[in-house]
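Taking it in order: structure first as structure tokens, then the write-up.
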Amino acid sequence: MIHLQGDVPHKVAVAVSGGVDSMAALDFLRRSRDVEVLHYNHGTGVYADEATELVRDYCSTHGLFCTIGWNSDEMPAGVSPEAWWREQRYKFFQSSTRRIPIITAHHLGDVVENWIFTSLHGNPFLIPRIRGPYMRPFLTTEKAAFESWCERKHVPHISDPSNVDTKYMRNYIRHVMMPHAERINPGIKKVIKKKLLNVKDS
């Protein structure tokens, strides 16, 4: 099941990539809240344009106001593509809202993967539910719940082919390291979820 952690205001903006996580979060929230959509096209070719078209069509079908940002800058040499795309995306988010919270679809799997990554760098870190204008109310929800929601509610979504490319660190952790971590500790998600539930918003 999809779980909302904490109070989510009635008026929110939802960051939507077109992937299964954000599309499920959007469809879930639009049924009970006044939702706007923020979508950023990273300028990475056919997939990015197809994702934009999908999000635009969904918003048109459901009468949702959608703001779309387009990347036209060339990536500097020697930078991490993940970090650079994230920076550009968040710049767009911050420039596009009208003082309403921005919801992202980070889920329990993201939290565990980030905790493993930061632990390996000596600073274990849990993704916070609230930071500045950003709210992450789905941190205790498993990705499977998003996938199930989209299947049951017939919510369209698109898969980013880069999500399986293990040259990106987040994918390496997800596809290579996570199976080993779960073999060592099959209850790792339950452990992290318990930690999340005990964290108070700052």
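State the percentage of accessible surface on segment 55-202 attributable to carbon and sulfur atoms; use a 1.4 Å probe and exclude ligands, DNA and RNA. Roughly 54 percent of what the probe reaches on segment 55-202 is carbon or sulfur. Placing a pseudo-label 7 Å from each Cα along the Cα-to-Cβ vector at HIS154 and TYR47 gives an inter-label distance of 2.8 nm.
Could you give the longest part of the chain that holds none of the trypsin sites (Lys or Arg not before Pro) found in DSSP loops with at most 10 neighbouring Cβ atoms within 10 Å? So the longest stretch without any such site is 100-166.
Placing a label point 7 Å from the Cα of LYS91 along the Cα-to-Cβ line, the residues of segment 27-61 whose backbone N sits under 17 Å from it are 39-44. Sequence-distant contacts, meaning Cα pairs under 8 Å at least 6 residues apart, place the relative contact order of segment 1-99 at 25 percent.
Spread over its residues, the convex hull of the C-alpha atoms of segment 134-197 is 137 Å³ per residue.
Counting heavy atoms of the protein chains alone, HIS121 has an accessible area of about 130 Å² for a 1.4 Å probe. In loop segments of segment 1-54 as defined by DSSP, there are no chymotrypsin sites (Phe, Trp or Tyr not before Pro) with at most 10 further C-beta atoms inside 10 Å of their C-beta.
In a simple Cβ point-charge model (Lys, Arg +1; Asp, Glu -1; nothing else charged), segment 1-149 has a dipole of about 660 debye relative to its Cα centre.
Length available on full extension from TRP84 to LEU126: 0.36 nm per residue minus the Cα-Cα distance, which gives 13.0 nm. Residue farthest toward the positive end of the dipole of the chain, with Cβ of Lys/Arg at +1 and Asp/Glu at -1: which of PHE146, ASN198, VAL37? Farthest towards the positive end: ASN198. Pairs exceeding a 31 Å alpha-carbon distance, out of LYS11/LYS167; LYS153/LYS194; LYS167/LYS189: LYS11/LYS167. When +1 charges are put on Lys and Arg Cβ atoms and -1 charges on Asp and Glu Cβ atoms, the dipole computed for segment 62-106 relative to its Cα centre reaches about 300 debye.
Between the amide H of TYR134 and those of ILE102, distances stay under 5 Å, these residues lying 5 or more places away or on another chain, with hydrogens modeled in the peptide plane. When a/c reaches 1.5 or more, the comparison of a/b and b/c decides; with that in mind, is segment 86-200 rounded, prolate or oblate per its Cα gyration tensor? Because its axes are fairly even, with a/c under 1.5, segment 86-200 counts as rounded. Taking the chain, the Cys residues with no second Cys beta-carbon under 4.7 angstrom are CYS150.
Taking all protein chains into account, the per residue accessible area for the chain stands at 56 Å² (1.4 Å probe). Looking at the chain, the DSSP beta bridges with both ends there are about 10 percent antiparallel.
The values are calculated or read from the model by the stated rules, or taken from the named source; none is laboratory data. As the structure is a computational prediction, the values presented were derived from the model and not from experiment. Neighbour counts are summed over all protein chains in view; Cβ atoms, including those assigned to glycine, are modelled from backbone coordinates with ideal geometry. For accessibility, only protein heavy atoms count, side chains too; no ligands or nucleic acids. Shrake-Rupley method; radii C 1.70, N 1.55, O 1.52, S 1.80 Å.
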